[in-house]
Amino acid sequence: MDILLEIIMIPAVLALIKIVVIILLFALPLGTLLTLMERKWSAMIQDRVGPNRANIGSFTGHGLLHLAADGLKSIFKEDCIPRGANKFLYLLAPFFGMISAVAIFSIIPIAGPIGDFTFQVADVEPGLLFIFAITSLSVYGAVLAGYSSNSKFALLGGTRASAQMISYEVFMGLALMGVFMVYGTTRVSGIVDGQNEYWFGNLIPMWGVFTQPLGFILFFTALVAETKRPPFDAPEGESELVAGYFLEYSGMRWSAFMLAEYIAIVGVSVLMTTLFFGGYHVPWLHLWESAPQWLVTILQIIKFSIVTIFFCWFQIQLRWTVPKFRFDQTMSLGWKKLLPLSLLNLFVTAFVILAFA
Amino acid sequence: MLIIFYIFAALSVFGALGVLFLRNPIHSALSLVGTFFCLGAIYVMLNAEFVAVIQVLVYAGAIMVLFLFVLMLLSSKDSGDYVNKWTIGKILAGLLSLGIFVQIAGLFTAENLELGPKGTYPLEVVEEVGSIALIGRLLFTDYILAFEIIAVLLLVAVIGAVVIAKRRFQ
């Protein structure tokens, strides 16, 4: 038993355990459940019933068994590689999206530290910039899938994806620069702790959404565009490109693209929670000074999860209520409207900090 | 630690060779991405996390994607009939790079070579203040002229691109 405890306390082993727990207990289940949530919610919006047929005997679990059915289906489907495809790149492409979607969770704290133990895999100094570096690689998934499929639709989707994602990455970074300036650090734990301060006595918590309202909207828009979901789904373009860059994929590789998309949704929500809604800090909890540590930690995890799930739902709601942009509209929105706005946000933030702080 | 350095150093050299010798331009570009990653890993081992992140973010995440974008637009199916000709330009470039290689090799084999950390800021200061703050402070004080010149240079490039694109449309 002691030896086991000693092995667990080795930093590398501890980090590995944290990675497994956060991915297997948080990212993957939420991502998988989102597929069902999206189908159910879209059905509700379109006045349908939604998936309810998969069953064991008379048990359907309100469509919950469709998750298992979908998984089994995609495992047993034939894994086709189109003729003339660049086989190496074709097989490589699904991994890029998956890796970059999962990597977001590596620096996100889901609860406050207890003593030396942190609920965070790594707290590196570049912090969010590290996340940008990894997520900027998710473009390769779309681009390589589009290029290697030997299909005109896929190639068009791939070119669109690369143009869109590069454009939106530009002001995604600029929008976040305001947050860095307000909290004076790029370290994620520093930003989260900075949001635990209060304005006007104990009235309003200094959450990112209050200190950086414009930055919040810009960053959220950029992140939604990065996940290539409607209203920014020109790279997939169901109505004109069929499925865009992953058109030729089938079976489990196709599922990998879909699952990466849903994990990316969870990643976006987690980022929004951490940067703009106080992270794990429960507002006004510090007023209750005699709160036991275990209760505080549980409340923090609950608060973090609730805000995260809210943003997951919000993105699904966005998809089924807002009409999509044409590709040229996506590009002109990014470069002509959102980029100047994010520059303006940067200048105003810098001015306010210089003048009043 | 040293063995990790050798692994990444070897990988980055392999990647650079792949850029030169692979036939398919997309494969060459991806090989270069791999090289950038290995360089980023080496920067991390030098305690320069910020430079490492920027290396991956800017080069692998943005510039190489633009390269791929252009390659895909050209969609070069005719990469097969590329013939390896010996032109004067190539010979000159080869001689030039050989000269640079000899210079660098001379630098490392010189007898008065000092190993170990260098510069005005020791590691403790960097870890205390944070490398981002230090780099920012230096950029806006000691190196402000170079910084401004680069900014103007980039602005010129942007304006040039806009002018060229506009002429095409009219």
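Structure values in brief
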item: Pairs with Cβ under 8 Å, 6+ apart, first in segment B:3-29 and without any contact (Cβ under 8 Å) to a residue 12 or more places away in the chain, second among the hydroxyl-bearing types (Ser, Thr, Tyr); result: B:Leu20/B:Ser28; B:Leu22/B:Ser28; B:Leu22/B:Ser31
item: Any hit, segment B:115-129, residues being in contact with a helix residue (DSSP H, G or I) (Cβ under 7 Å, 6 or more places away or on another chain), closer than 28 Å to B:Ala48 by Cβ, modelled with pLDDT under 85 and of a type outside the set (Ser, Thr, Tyr); result: yes
item: Unique residue being under 25 Å from the mean Cα position of the chain (by Cα) and either loosely packed, with under 10 Cβ neighbours inside 10 Å or modelled with pLDDT under 85 (or both) when the list is B:Leu92, B:Leu134, B:Leu139, B:Leu155; result: B:Leu134
item: Check on A:Ala161, farther than 23 Å from B:Glu49 by Cα, part of a helix (DSSP H, G or I) and more than 10 Å from chain B (Cβ to nearest Cβ); result: no
item: Top-ranked residue of segment B:101-138 - restricted to ones that are over 22 Å from B:Val51 (Cβ atoms) and part of a helix (DSSP H, G or I), ranked as nearest to the other protein chains (Cβ to nearest Cβ); result: B:Phe101
item: Criterion violated by A:Gly115 - all others in (1) of a type outside the set (A, V, I, L, M, F, W, C); (2) within 18 Å of the chain's Cα centre (by Cα); (3) surrounded by fewer than 21 Cβ atoms within 10 Å (Cβ to Cβ); (4) more than 12 Å from chain B (Cβ to nearest Cβ) satisfied; result: (2)
item: Segment A:266-287, subset assigned to a helix (DSSP H, G or I) and in contact with a Leu (Cβ under 6 Å, 6 or more places away or on another chain), residue farthest from A:Phe26 (Cα to Cα); result: A:Val268
item: Residue check for A:Arg253: in contact (Cβ under 8 Å) with a residue 60 or more places away in the chain, surrounded by fewer than 23 Cβ atoms within 10 Å (Cβ to Cβ), of a type in the set (Lys, Arg) and farther than 24 Å from A:Thr221 by Cα; result: yes
item: Considering residues of segment A:193-219 that are under 26 Å from A:Glu261 (Cα atoms) and surrounded by 22 or more Cβ atoms within 10 Å (Cβ to Cβ) only, the residue modelled with the lowest pLDDT; result: A:Gly208
item: The lone exception for A:Phe325 - which of (1) closer than 14 Å to A:Ala225 by Cα; (2) hydrophobic (A, V, I, L, M, F, W, C); (3) in a helix (DSSP H, G or I) it fails; result: (3)
item: Residue, farthest from A:Ala142 (Cα to Cα), within segment B:56-74, restricted to residues that are more than 8 Å from every other protein chain (Cβ to nearest Cβ) and not aliphatic (A, V, I, L, M); result: B:Tyr59
item: Residues of segment A:235-256 that turn out to be farther than 18 Å from A:Gln164 by Cα and not in a loop (DSSP other than H, G, I, E, B), as a count; result: 6
item: Residue in segment A:130-146 that is nearest to the other protein chains (Cβ to nearest Cβ), counting only those that are closer than 10 Å to B:Val65 by Cβ and of a type outside the set (A, V, I, L, M, F, W, C); result: A:Ser136
item: Unique residue being under 17 Å from the mean Cα position of the chain (by Cα) and surrounded by 19 or more Cβ atoms within 10 Å (Cβ to Cβ) when the list is A:Ile108, A:Ile99; result: A:Ile108
item: From A:Ser74, A:Ser106, residue being within 14 Å of chain B (Cβ to nearest Cβ) and small (Gly, Ala, Ser); result: A:Ser106
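The values are calculated or read from the model by the stated rules, or taken from the named source; none is laboratory data. Remember, it's a predicted structure, so these values are computed and weren't measured experimentally. Virtual Cβ from ideal backbone geometry, glycine too; neighbours counted across all protein chains shown.
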